[in-house]
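As C-alpha cells, the structure follows; a few thoughts come after it.
Bear in mind that the values in this text are calculations on the coordinates, not laboratory data. Remember, predicted model here, so these are calculated numbers, not experimental data. Here Cβ is always computed from backbone atoms with ideal geometry, including for glycine, and neighbour counts include all displayed protein chains.
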Amino acid sequence: MLIDCPHCGPRDLAEFSYQGDATRTRPDPASTDTKAWLDYVYNRPNPAGLHREYWQHAGGCRAHLVVERDTLTHEIRSVAFARSADSGDAA
Amino acid sequence: MVERASPLGGGFRPGSHGDFADGNGVTISEVLKGSIVEANAWPGKEKALAESISATCRLTLPALPGNGAASREGTCAFNIGPGRFLVSGMDEALAGDIIAAIGDETGTVTDLSHGRTVLSIEGPRVEWVLAKLFALDFSLTAFPVHAGRATAHHDVFVQIQRRGEKRFEFYVFRSFARAFAKTLCRAAEDVGYTIR
Amino acid sequence: MSPRRTRTGGLIDRARTIRFTFDGESYTGHAGDTLASALLANGVSLAGRSFKYHRPRGVFSAGIDEPNVLVTLLREGVREPNIPATQIEIYDGLRAESQNRFPSLAWDLGAVNQLGGRLIGAGFYYKTFMGPVIGPLKGTRFWMMCEHFIRCAAGLGRADYEADPSRYERVNAFCDVLVVGGGIAGLMAAEAAAKAGKRVILAEQEPQTGGFARWSDETLDGKPAHQWVAELTERLTRFDTVRLLPRTAVWGYYDGNTLAALERVHDHVARTPKGHARQRHWTIRARDVVLATGALERPIVFPGNDRPGVMLAGATRRYATEFGVLPGNRTIFFTNNDSAYEAAVAIKRAGGHIAAIVDVRPRIGDAATALATEAGVVPLTGRAVAGTKGSRALSGALVQAFDAETGRLSGEARPLECDSLAVSGGWQPVLHLASQAGAKPVWDEDKQAFLPPEPAQRWTGAGAFLGKFSSADALASGRDAGLKCAGKRPSRARLPEIAPEALNPAPAPVLEIRGRGKAFVDFQHDVTADDVRLAHREGFVSVEHLKRYTTLGMATDQGKTSNVPGLAIMAAARGITIPEAGTTRFRPPYSPVAIGALAAERYGDLKPERFTPMHDWHVEHGAEMTPAGLWHRPLVYASAGETVEQAYIREAAAVRRSVGIVDVSTLGKIAVKGPDAATFLDRVYTNTFSTLKVGKARYGLMLREDGIAFDDGTTWRLGETDFLMTTTTANAGAVMQHLEYCLDVLWPDLRVHLTSVTDQWAGAAIAGPQARAVLERCVTGTKVDNETLPFMGIVHGQIDGALVMICRLSFSGERAYEVYCGAGHGQHVWEALMEAGEPFDITPYGMEALGALRIEKGHVTGAEIDGRTTARDLYLDWMLSKKKPFIGSGLMDRPALIDRNRLRLVGIVSLDGQKLGGGAHLVERGSSDEPGESIGHVTAYCYSPALQKYIGLALVRGGKARHGTRVLLSDPLRRRFGQVEVVSHHFFDPDGERMHG
Ligand SMILES: [Zn+2]
C-alpha cells in the first residue's frame, strides 16, 4: 500500500505509523465531563467504509496526516496535513 | 579543539571488497562534516528561513518540499520535512553562523554536528545498491541532483541528498551509523565496493 | 542415449551433457533441461508419493502448475523441500531427492494408507482426532498423541533443522509499466511501451521468454516462433529503460499497484557466487501493469487419473517440442477440446506413437479431424477414459462410451494398452494476480473458463490471460496493452503472419468422468471427487468452506490444476452452475516463496543496532554487553573469575563508598524550542515547567490520555525558550511521537519545534561521595561546588578541551552529576573522567549495578511504569499539578484508578536470605504447590550492597497499607517459595541527604 504524503509524495506504507481515529473530538483540556473524555479516549465508530484516520509519516517528513481510507477496499480517497485539515481533534 | 571520533569503528576498513568481476561498483566513505544543523521555520516563515540559509551558506535554497542546494565550497542544504531543512558544511564555525543568522521570529536551529553521521556513496552501480535499502525511486528524473529525501531503512531513519548523478550523501543518527554502514556495504558486495 | 529422448529437435543443447543424481541414482541430461524433462528422458516415470495415501505419482505438467513431483534439493549444505521438478534447471552436480516415501520411492510402507483410503476422506482429521469427551485423552490431548504418528506419514518434504545459510536480498523497483509474463503478448506489450519511452520491467517466471511460442511449432512471418521471440527479446535488451527479469515469478498484487516478485537468481547454477544473493525479492511499484500471465491447462477428473504416466496434453507437447522428450512409447490422448489434437501431432512429429485419441464430444470439426489423420489415428468420439491400469506405472486405459449431455458412461469398458495418457480439460487463464488485485473473475460459458474481471487497479490484460488463446490474438492484444499503458490508441500497423492457423480451443463442458475408483481433483493434497461430494453432503457447500474442509487448492501449487474441476464437481453436486457456485479469492503468493527471501537482510547480523560513543571502550575494558532495545549497554564489567552478581555488587558498593561512572548516552533526548515551549511542557507533563529557572533541571512525569503513567525523565531549561528533555531509553521514540502528535494535532497553534538530539550528546553519570572531587580535577571554565552547581543545577565548561554541560542529578541516590558532551567527544571525555577519578578508584558500572542502586532508592523505571500503573500507584501523586490541566488529567481520577486496593508500589525484603525473582507473584497463604491468590508481583530485585540483603520492588494490592507485614513469594518457574517482608520502597537514605549534600 502507498500513502501519498502531501510533503513527500507517494511512499510505502512501512514508512507510516497509524495514529488512530481522526474523527474524535478532544474535550476542553479543563473539562471534568468524564463521559466526554471516555468517548474521546475509548469509543470508536469502526465504520465499514470511508474512515478518517491519523497517520504519521514517521519514516519520512514526520508530519501527521489525515487519511481518508475505505476500510473495505483500502482505497485512499484523500490525504492532507493534520495541521491544516479540518478535523475533530484539531479543535 | 578535540578531534571528533568516527562512530564507524574498525569494521569499516578502507580497501576493496566484494565481487570485482565488473570493476568497482560503488565507493563508500564517511564525510567528516564540521557542522550539521537542523533549521526549522515557523509556519509562513519557510521562505524567510530558506533565504537566511541561502545568504549564510552562499547557495540558493528553494523553500519547497524535497528541494536542496549545494555551494561550490561543499556547503549543502536540503528540505527534510514541512519547513525543515538540514544544513551542513565542512567548517565547524558554520553551525554557529546559522544559529546567529536565524532570528527567533523566523524559526529555530538545532546543532546536530555530533548527532548525525554522513556517509557518501558514489559509483556506476549506486542506484542498484540503494534500491536494496530504500523504497525510493532513485532515477534522476524522480530524484534530481541536490534534492533531498527523508526516509527509513527498517528502524534507521535516514536523510538523503543527491550530490551528483551517481553520488548520494546519507545522514544517519550517529548511534545507528555503524550498523547502517555494515548494511550498506553488504548491499554493495555483489557489485564490488571500495571503502575510502 | 536416454530411452525417451528424441534423436533431434528441441531447444536443449545436445552438445552439453549435464550429470545429476535423483535419490542417489546418477543420470544425465542436457543444458536447457528441467529436472522433470531430464527424468522423463531417462524413463523415470515414478518420481513422487502422494501427500495422504502415498500413491505413486509421476510428472503431470511441464511448468509452475506441477502438483506431483515435488523434490528436495540438497544444495550448498541445505535441504530445500517441495520444489516442483518442472521448475528446476539442471546443473552439473545437482542432487535431488523424492519426498514422502519410506524407505524408498518404489517400496513405500506408507502406501498401506491406500488400503484404508475410504476411511481417510475429507474432514478425516477433524472427525477422528477430536478425541473422547472424557478421560485422559479428552479433546485435543488425543490429537496431540496421534499427531506425532500422522506427521511422520503425511506431508510433503522435510525442512532442515539447520539455519538457512543462503543469502537473500530485497530490491525496490519503480517503473511505468510492469509486464507480468514474457510470452508473445508480454513481449509485444513491453516493446510497445518501451518504444513510447516508458520505463518497463518484464518479469518471466521461466528461464527464457517466449512461453507457448517455445513449443508451439508455429512460424511468424516464416520464422520459427521461438526464434522470433528470441529476436524480439534481444531487441528489448537494447533499451536502457527496459529491465528483463527471467526466473522471476510475480507472486503478489497489493494495494497501490505494488507487486511482489521472487527472482531465483542463482538457483540454476551449482553455487551462488560469493557476495551475491541466491534469491532476490522484488517490490515493484508500477504505474501500470500488463497481465500477460497466459493460461494453464486443466485435467479431466476420472478414476485412476493420478497413475504415473498420466500427464496434461499440453505438457506432453512441450516436452516433445521444447525438450525433445517423448512421454511414452504408446500415448493415448483424452480430451474435451481441440488443443489435444495439436499435441498429438507434436508427439507424432517428434517420433512418438499415438495409440488413440479419446474425445468426450460426439462430433469434432474438420480441423481436428485433419490433425487426427496427421497423428495417424481415428478419434474415438463420444467416449471417455473411465479408468486406468498399472501400479507404479501406467499400462493401459479403460475406454467407454460416454454421453456428454448426461455425463453417463455406458456399454463395455474396452482396455487399451498405453504407457502414457495425455489429458486435456481445456484451458483456464491465470487470473491469480487480477483476483488478488481485488476483483472477481467472470465465468464464460462458451470458453468454459473464468475470464478476467474489470480491473480494480491499474492493470491491462493481454494474450491468453484474456481467454484469447491464439498467438495472433497475443500479438495484437499485447501490443495494444503496451500502447494503452503509454497513453496511446491501439495500433493498426501490420503484425507478423502466423502459421498454422489456430484452432478454437473451446471445450465441451465435461470436467469429470464418474466411475469406480479414486478420481483425484487436487493431486498435491490428495483430494478426490468423492471428497468434494462428501463435503457437499455434510453441508460445506460454499466454495470457501469446501476449500477449508477438504483442503482443496490449499497445497503449495495453490490449486492451479484443481480449482476449476473442483468447482465444477461442487456445482454439479448442488445442481447449480459454476458461476453460481462462485470462486474463491486468490491470495498471495501465486507460487511458493522462501521465508528467507521475505526476511532478507532483516535477519541475522544485519539487524539494526545502536552503539553509544563509548561502546568500544566498554568492550575493551571487559564489559559484558546486553541488549536494551536496539542499544548495546554494559551489563557488568566483570573482572576475571567474577560472576555477574559479584561484579554488580562490587560496582554498586563502589558507588556508595567512593565514586562510579556509568554510560547514560542511551537516554532519549529531545530539543524542545520556541516561544511556547514552556506552555507546551506544562501541558504534556503532570507538573509545571514554566516556573523552572534557566540553568535548572526538573524531574517530570507524563501520563497518557487515559490517565495511566507514560514516561518520566528530567527536563533542563537551557534558555528562556530552549529546553532539553530527557526520556527513558525504552520510550524515546514513543515520547517523540507523542509530542509530535500533540503539536500537529492537538495544539497546532503552539510555536514549538522538536528535534531528536539523542545522538548529539554522549552522557556519563558520575555518582558517589567523591563525584564532585572527580569533576574538580578535570572540569575547567566553571566551578562545580555546591553553590555554583546545586542539586538540579546546570553548568557549562570543558573537560580536556571538549565542551561539556553538567547537570547535577541523581538516579543512584548519591551525590551525582550527568556530564554531557558532543557524541564525537564522548570517549575522550569518558577517558578524562576515568583519569580524574583514578585517585578515588573510580569504578565503571553497568546496567545491573545501575538497577541495584535505583532499587535501593525506590526509583521507578519501565518495570513499574508498565502501562497499567498510575502516578498514585507509584506514590508520585505529588507530581500531579492541581493548578493546570495536562494530558491525562481528564481521566486520571476515575474511581477505578484511585481505588485503594490497586496494585501499588512497595519494597520487599527476602526473609530467608534467598534471591527474589522478577515476575514472581506475592500471595498471602498457600504452599509452593498450591499457592493462594496473587496479591501482586515483583517488578525488580537485586542484592543490596547497602542493606546486605536481597530486596525488590513490587506492585502489591493496597501498597503502603501492607508495610511491615509478611507475605509469601511464589515463583513456580524458578521453583522458589519463601517469605518476604513488605516495606517502604525507599530502602536507602529516604531523606536524600546523600544526594543533596
Ligand atoms: Zn512525508
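With N denoting the number of residues in the range C:615-658, provide Rg(C-alpha) divided by 2.2 N^0.38 Å, to two decimal places.
1.20
Using only the Cα atoms of chain B, construct the convex hull and provide its projected area averaged over every direction, in square nanometres to one decimal.
Details: hull surface 43.7 nm².
Answer in nm², one decimal: 10.9.
Per the Debye formula with a single identical scatterer at each Cα and no solvent contribution, what log10 I(q)/I(0) holds for the range C:533-572 at q = 0.17, 0.20 Å⁻¹?
Ignoring solvent entirely, the Cα scatterers give -0.37, -0.51.
Once you place label points 7 Å from the Cα toward the Cβ at A:T71 and C:F791, how far apart are they in nm?
5.1 nm
Report, as an integer, the average count of C-beta atoms from other chains found within 10 Å of each Cβ along C:602-611.
5
Taking the simple approach of a point 7 Å from Cα along Cα-to-Cβ for both C:S104 and C:T369, what is their distance in nm?
The modelled label-to-label distance comes out at 5.2 nm.
I need the peptides C:948-957, C:788-797, C:326-335 ranked by packing, meaning the mean over residues of other C-beta atoms within 10 angstrom, with the highest value on top. Please list the in-between numbers first.
Working: C:948-957: 22.2, C:788-797: 17.1, C:326-335: 25.2.
Per-residue Cβ counts within 10 Å, averaged per peptide and sorted highest first, yield C:326-335, C:948-957, C:788-797.
Distances longer than 43 Å among the Cα atoms of the protein assembly as shown: what percent of all pairs is that? Don't skip to the end; give the middle numbers.
Working: 446355 of 823686 pairs.
Considering the protein assembly as shown, 54 percent of its Cα-Cα pairs are separated by more than 43 Å.
With r defined as the distance between the Cβ atoms of C:D929 and C:E76 and R0 fixed at 45 Å, what FRET efficiency is calculated, to the nearest 0.05?
Using R0 = 45 Å, I get an efficiency of 0.30.
Find the eigenvalues of the gyration tensor of the Cα atoms of the range B:35-111, then list the square roots of 5 times those eigenvalues as equivalent ellipsoid semi-axes, largest first, in whole angstrom.
17, 14, 10
Give a residue-ordered list of calculated ³J(HN,Hα) values for the range B:17-25 (Karplus: 6.51 cos²θ - 1.76 cosθ + 1.60, θ = phi - 60°; whole Hz; x for Gly, Pro).
After applying 6.51 cos²θ - 1.76 cosθ + 1.60, I find 9, x, 8, 9, 3, 10, x, 7, x Hz.
When the Debye formula is applied to the Cα atoms of the range C:668-756, each taken as the same point scatterer, what base-10 log of I(q)/I(0) results at q = 0.12, 0.16 Å⁻¹?
Those come out to -0.30, -0.54, one per q.
How large is the Kirkwood hydrodynamic radius of the range B:78-154, counting all unique pairs of alpha carbons, in Å?
Averaging 1/r across every pair of different Cα atoms and inverting gives 15.0 Å.
Counting other beta carbons within 10 Å of each Cβ, put C:L178, C:L202, C:L880 in order, fewest first.
C:L880, C:L202, C:L178
How many Cβ atoms of partner chains, on average, are near each residue of C:821-834 if near means within 10 Å of its Cβ?
Across C:821-834, the average partner-chain Cβ count within 10 Å equals 4.
Give or take rounding to whole Å, what are the principal axis extents of the alpha carbon atoms in the range C:819-936, in descending order?
Result, largest extent first: 53, 48, 21 Å.
In whole percent, what relative contact order does the range C:668-756 give with Cα contacts below 8 Å and a gap of six or more residues?
39 percent
If you take the Cα atoms of the range C:593-710, find Rg, then find the Kirkwood Rh from the mean of 1/r over all pairs, what is Rg/Rh?
Expressed as Rg/Rh, it is 1.11.
With an 8 Å cut-off on Cα pairs and a minimum separation of 6 or more residues, tell me the relative contact order of chain B in percent.
33 percent
For the range C:612-627, just list the computed ³J(HN,Hα) in residue order, Karplus coefficients 6.51, -1.76 and 1.60, θ = phi - 60°, integers in Hz, with x standing in for Gly and Pro.
Values per residue, Gly and Pro as x: 7, x, 9, 3, 5, 4, 4, 5, 5, 9, x, 5, 8, 8, 9, x Hz.
Counting only residues 5 or more places away or on other chains, whose amide H sits under 5 Å from the amide H of C:L635 once H atoms are built in the peptide plane?
Excluding prolines and chain starts, which carry no amide H, the hits are C:E624, C:M625, C:T626, C:M847.
Diagonalise the Cα gyration tensor of the range C:324-469 and give the resulting equivalent ellipsoid semi-axes, square root of 5 times each eigenvalue, largest first, whole Å. Intermediate results must be reported in sequence, preceding the final value.
Details: eigenvalues 209, 65, 47 Å².
They are 32, 18, 15 Å, listed largest first.
Across the residues of A:31-38, average count of Cβ atoms on other protein chains within 10 Å?
That average works out to 3.
At a Förster distance of 22 Å, what's the computed FRET efficiency of C:R95 paired with C:A163, Cβ-Cβ distance as r, to 0.05?
Taking R0 as 22 Å, the efficiency between C:R95 and C:A163 is 0.65.
Restricted to Cα positions, what overall size does the range C:247-348 have along the principal axes? Three whole-Å values, descending.
Reported extents, whole Å, longest axis first: 48, 36, 26.
What value in Å³ per residue do you get for the convex hull of the alpha-carbon atoms in the range B:2-62?
Hull volume over Cα atoms, normalised by residue count, gives 190 Å³.
Under a crude label model (7 Å from the Cα following the beta-carbon direction), how far is C:D866 from A:K35 in nanometres?
Those two pseudo-labels are separated by 3.5 nm.
Whole-Hz ³J(HN,Hα) for each residue in the range B:91-107, computed from phi via Karplus 6.51 cos²θ - 1.76 cosθ + 1.60 with θ = phi - 60°, x for glycine and proline: what do you get?
7, 5, 7, 4, 4, x, 4, 5, 4, 5, 6, 9, x, 4, 6, 8, x
Of the listed pairs C:K560/C:K607; C:K52/C:K389; B:K45/C:K882, which have alpha-carbon separations greater than 27 Å here?
Working: C:K560/C:K607 37 Å; C:K52/C:K389 21 Å; B:K45/C:K882 37 Å.
Going by Cα-Cα distance, C:K560/C:K607; B:K45/C:K882 fall outside the 27 Å limit.
Beta carbons within 10 angstrom, averaged per residue: use that to sort the peptides A:40-52, B:113-125, C:562-574, highest first. Let's see the in-between values first.
Working: A:40-52: 13.2, B:113-125: 20.8, C:562-574: 23.7.
Answer by packing, highest mean first, reads C:562-574, B:113-125, A:40-52.
Give the whole-number value, in cubic angstrom per residue, of the convex hull volume spanned by the C-alpha atoms of chain C.
226 Å³
What is chain C's relative contact order, in percent, from Cα pairs under 8 angstrom and six or more apart in sequence?
9 percent.
Place a point 7 Å from Cα of C:S881 in the direction of its Cβ. Which residues in the range A:23-47 have their backbone N less than 16 Å from it?
Within reach of a label on C:S881: A:29-31.
Taking just the alpha carbons, could you work out the radius of gyration and Dmax for the range C:474-531, both in angstroms?
21.2, 57
Evaluate the range A:2-81: find the radius of gyration of its Cα atoms, find its Kirkwood radius, and give the ratio Rg to Rh.
1.04
Taking a cut-off of 21 Å between Cα atoms, list the lysines near C:K883, but don't count ones fewer than 8 places away on the same chain.
In chain and number order, the partners are C:K693.
Aspartates and glutamates within cross-link reach of C:K195: Cα-Cα under 13 Å, excluding same-chain residues under 8 positions apart?
C:D176, C:D240, C:D480
To the nearest 0.05, how large is the calculated FRET efficiency for C:D13 and C:A499 if R₀ is 41 Å and r is the Cβ-Cβ distance?
Using R0 = 41 Å, I get an efficiency of 0.95.
Restricting to DSSP H runs of at least four residues, report the calculated mean residue ellipticity at 222 nm for the protein assembly as shown, -39500 (n - 2.57) per run over all residues, nearest 500 deg cm²/dmol. Please list the in-between numbers first.
Working: 28 runs with 259 residues, N = 1284.
Computed mean residue ellipticity for the protein assembly as shown: -6000 deg cm²/dmol.
Under a 5 Å amide H to amide H cut-off, with H placed in plane at 1.01 Å, what residues pair with C:W282 once short-range neighbours are removed?
Those qualifying (amide H under 5 Å, at least 5 residues apart or on another chain) are C:V171, C:A261, C:L262, C:E263.
Using square roots of five times the C-alpha gyration tensor eigenvalues, list the equivalent-ellipsoid semi-axes of the range C:233-273 in whole Å, biggest first.
22, 19, 7
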